[in-house]
Amino acid sequence: MKLEYLKQQLEIVPATGIEAVYFDRNHIVNTERTKDYPYVFWDLNTFKSRMNWQSTSSPHEKVTLRAYVMDYFDRAASTETQTKQQIWDNIRELFRAYLTLLNTNQYIKLTNLADMPNELYEYGLTVDAEIGVSFDVAMELYCNVEVET
């Protein structure tokens, strides 16, 4: 599967509670001054794969990719209504809904839904008031020449 097609599929977020999907950290920091939360940042620099090119009729690859799911949390605000733990729990649930939708794609199969590593972050990817959770997502990508052109 071409990376550009994978990006297009990862950007689909309807009815999951995820507001936006990003792939470039510099874009988040320098361009997206006002963000809609929660958002997902897929770190393409963590892309690791094993390709099966032996079968020319149905090439596929096994991929691991890190995703960060970030939400707003202002540590200094006296008006914050949720605790960090509540926000982290909510982030994990919203990402689960997002992955459930992604897993319906016929060209992407998530392979570690039953055992997905994740890590809590008290500070965000930017200097903004945010916290997050990272996930190491394993998937198998299948090539389809009709959508690869």
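No lab work stands behind these numbers, since they all come straight from the coordinates. Values in this document were obtained by computation on a predicted structure and should not be read as measured data. Quick reminder, even Gly has a Cβ in these numbers, built from the backbone with ideal geometry, and neighbours come from all protein chains shown.
What to note about this one:
- With a Cα cut-off of under 17 Å and a minimum spacing of 8 residues unless on different chains, the lysine pairs in the chain number 9.
- Sequence-ordered 3J(HN,Hα) estimates for the range 40-54 from the Karplus curve with 6.51, -1.76 and 1.60 and θ = phi - 60° stand at 10, 10, 8, 7, 5, 5, 9, 4, 10, 8, 10, 9, 10, 9, 5 Hz, glycine and proline given as x.
- Expressed in Å, the radius of gyration and Dmax of the Cα atoms of the range 3-148 are 16.3, 60.
- Relative contact order for the range 69-137, counting Cα pairs under 8 Å that sit 6 or more residues apart, in percent: 43 percent
- Computed from Cα atoms, the angle from the helix 84-102 axis to the main principal axis of the chain rounds to 20 degrees.
- Total charge dipole magnitude, the chain, about the Cα centre, Cβ charges on Lys, Arg, Asp, Glu only, Debye to nearest 20: 360 debye
- Of the residues VAL29, VAL133, VAL63, the one that moves most in a GNM of the chain with alpha-carbon contacts below 10 Å is VAL29.
- Applying the criteria of a DSSP loop state and at most 16 other Cβ atoms within 10 Å to the trypsin sites (Lys or Arg not before Pro) of the range 23-123 yields ARG33, ARG75.
- Ordering ALA15, PHE47, ASN26 by the projection of their Cα atoms onto the charge dipole of the range 1-83, which places +1 on the Cβ of Lys and Arg and -1 on the Cβ of Asp and Glu, puts PHE47 at the extreme positive end.
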